[in-house]
Structure formats: C-alpha cells, structure tokens
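A quick write-up on the structure given underneath.
The values are calculated or read from the model by the stated rules, or taken from the named source; none is laboratory data. Only a predicted model underlies this, so the values are computations on that prediction, with no experimental measurement involved. So basically every Cβ, Gly included, is an ideal-geometry build from the backbone, and we count neighbours across all protein chains shown.
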Amino acid sequence: MPDPQNFASPARLVIRQSNAQGNQNAVASFADDVRAGLTAQPKTLPPKYFYDALGSQLFEAICLLPEYYLTRAETEIFERYAAEIVRQLPSPVGVVELGSGSSIKTRLLIEAILANQPELHYQPMDISASILELSAEALLGNYDRLQVTGHVGDYTRGLETIERQEGERLLALFLGSNIGNYTLTEGRALLKTIRKALQTGDGLLLGADLKKPVQVLIPAYADALGVTAAFNLNLLSRINRELGADFDLAQFEHQARYNEERGRVEAHLVSRTAQTVHLRGLGINIEFQPGETIHTENSYKYDLPQLAALAEEAGFKPAKTWFDGERRFSCNFWLAI
Ligand code: AVJ
C-alpha cells in the first residue's frame, strides 16, 4: 500500500498539451519539417525531433557517458552552489523549466528551494510527453510539498501558459546548454520570448557550455560506445516509422564536426553510398550522393562576453555566474530588468 501522504495524488499533477490542436497537428509539422529539410541543399533535419520515447532515453544515456562532460559539470555546480543560486531571488519562488527532460539535476534546486519555503509550484516543459509524465510522477512521489504543472510541446507555446501564484517570483531554468541548439540569432529571439513571459524581478538560470579545445569537444559528441551515433540515427528510424520511409540505417554514419568559425559542434549523418530513400508517407524520393550529409544538430559553445551580450540584448542583467572546478561549463543567473 502506498503511503497516502506520499502517494502521487492527481491533485498535485496537471499535464497539458500546449499544442492546442493536439497530436494530428504535431504529425503534420513533423512531416512538413522533414520534407523541407530533406529537399533543401544542403540537407538538414531539426534536432527537436530526436526526442521520441527512445530518443529521450538515449539522451539520458548520453548524459552518463564519460566523454559527455556537460551534465556532470552542471550537476557539480548545483551540488556545490544550489543554496546560493536559489538565494538570488526572494522567497517564495515558482520554477519554470524549458526542456526539463528527466528533471534529475533540477532536484538539487528543488530541494534547495524547499529548504526556504513550505511549498513549490514547478512548471516543466518538454517536447517528449513520455519523459515529462515519468519525471513528474517520480518528483511527486519524492517531494510531498511539490505541485507540478507540465507542458508538452514547444517552448514558445508553453511559455504562454505559465502560471504565477500569489506573491511569488518566477525562476526560469534553461539548463544543460539546451540553448546551444539555436543559432545566436534564434537564441536571442528565444531569450526575448522568455523575458516577455517573466516580470521585472524574476530570474533566468541559463546553463551554457563553454568554448574549449576540439580534442575535448569531438569525443563528447562522438563517443566510443556509439550512444550518440544511435541517438542521431534514431531520427531516421523515427522517420521510417512515422512517415513510412525506408532509410537503411546501416548506410549512414554519424559524424561530429567542430565548426571553428561559428563556434559550434555539428552532428551529421553521412551517406555511405549513392542511394535513393523513399518517403511513402510524403510521396517523395530523396537521392544521396556518396559522402553527402544530413546536418541534424548544432551545439553552440559560448564565451563569457557572448553570454553577457545575450543577457543585455534580451532584457536581463547578468548577476552571477558559477563554474565547475575545471571551468568547462557555466551556470548564469540573469535578473529580468
Ligand atoms: C540537449 C541540446 C544540450 O547539444 O549537447 C548531446 C544534445 N546531442 N549529444 C547537446 C546532444 C548530442 C545536447 N543538448
């Protein structure tokens, strides 16, 4: 019998599909985005589609890899500084998180906040319904003073539905260098959208990976076990399943490249041969030259002046930055002004 005090009571959990038109619309935009990306020159696919149920779990596995230092570095920062981070805003605070995933690192911040106030309203948003539901249930089972309102879907839609309880400041979390998937221009626009959803006196905690030698970056995105390769190739498997395509995964190779000029790691799927792929659901065929790539992801790396400029352009005052012991990763607290 579950302890009634600790049982994940439905009253403390609400999960919304922020895509109001529901699932059919999501299928249509996946089809449109795949069509546009694969008929473009060079070929591209948006990284947000990595995160089906398997893709989200593969990403969790990536976070455990020895080469993928980002998650460990950010966790180290929270283990050391969580109390100081959450003290940047007066209590009571509510927490909003963009791209919450498993919410494992967030637990350290949740615990630090619950040490200062009796209850916490946590509003996670994620593109993956499965991981959002799993992590919300797990959190409610562990924290009986927590209330969770989850949003499944794109950040921009989720940000429109943010709730604020009486007298509370909001702390928005954008962790794990999730911002790195956006170009600097897109990132600036998203940060402005976040700022608009907040009020003056609220805060944003931005986890941003720092520029570093390519000898460290490439293994982080092309690990020896091949988990990142599986994560990247799973996008083709998702297209096969959801859009009736016939990608032969063995005919594509995962590749991570560092684009020095743009300051980003790029993930590609390289065609091993000349081949034609049939996308039955879209009624199109796509041809590949040997060595031709599909560019599936950018992971931008930042320096401190870049981050300061982004804060200012988006309407925030950078208040404090914390680093892991090896200064690989940064957590930046910005005050909405
Ligand atoms: C979740 C976007 C931060 O870019 O580092 C990890 C995703 N891709 N390995 C990143 C990812 C390949 C990750 N983000």
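Summary table
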{"quantity": "Test: residue in region 179-186 that is in contact with a Gly (Cβ under 7 Å, 6 or more places away or on another chain) and either in a helix (DSSP H, G or I) or of a type in the set (D, E, K, R) (or both)", "calculated": "yes"}
{"quantity": "Selection count, region 88-140, where residues are part of a helix (DSSP H, G or I), in contact (Cβ under 8 Å) with a residue 60 or more places away in the chain, more than 16 Å from the ligand (Cβ to nearest atom) and out of contact with any Phe, Trp or Tyr (no Cβ under 8 Å at 6 or more places or on another chain)", "calculated": "6"}
{"quantity": "Selection within region 140-152 - within 19 Å of residue 170 (Cα to Cα) and surrounded by 15 or more Cβ atoms within 10 Å (Cβ to Cβ)", "calculated": "146, 147, 148, 149, 150, 151"}
{"quantity": "Number of the exception - residue 149 against (1) in a strand (DSSP E or B); (2) within 15 Å of the ligand (Cβ to nearest atom); (3) polar (S, T, N, Q)", "calculated": "(2)"}
{"quantity": "Odd one out for residue 91 among (1) touching a Leu at 6+ places or on another chain (Cβ under 9 Å); (2) of a type in the set (S, T, N, Q); (3) modelled with pLDDT of 95 or more", "calculated": "(1)"}
{"quantity": "Failed criterion for residue 170 (all others in (1) out of contact with any helix residue (DSSP H, G or I) (no Cβ under 6 Å at 6 or more places or on another chain); (2) within 16 Å of the ligand (Cβ to nearest atom) hold)", "calculated": "(2)"}
{"quantity": "Residues satisfying the stated conditions in region 218-252, i.e. part of a loop (DSSP other than H, G, I, E, B) and more than 16 Å from the ligand (Cβ to nearest atom)", "calculated": "244, 246, 247, 248"}
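Condition check ((1) small (Gly, Ala, Ser); (2) modelled with pLDDT of 95 or more; (3) crowded, with 21+ Cβ neighbours inside 10 Å) across all residues:
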{"position": "186", "(1), (2), (3)": "no, yes, no"}
{"position": "192", "(1), (2), (3)": "no, yes, no"}
{"position": "199", "(1), (2), (3)": "no, yes, no"}
{"position": "244", "(1), (2), (3)": "yes, yes, no"}
{"position": "253", "(1), (2), (3)": "no, yes, no"}
{"position": "265", "(1), (2), (3)": "no, yes, yes"}
{"position": "274", "(1), (2), (3)": "yes, yes, no"}
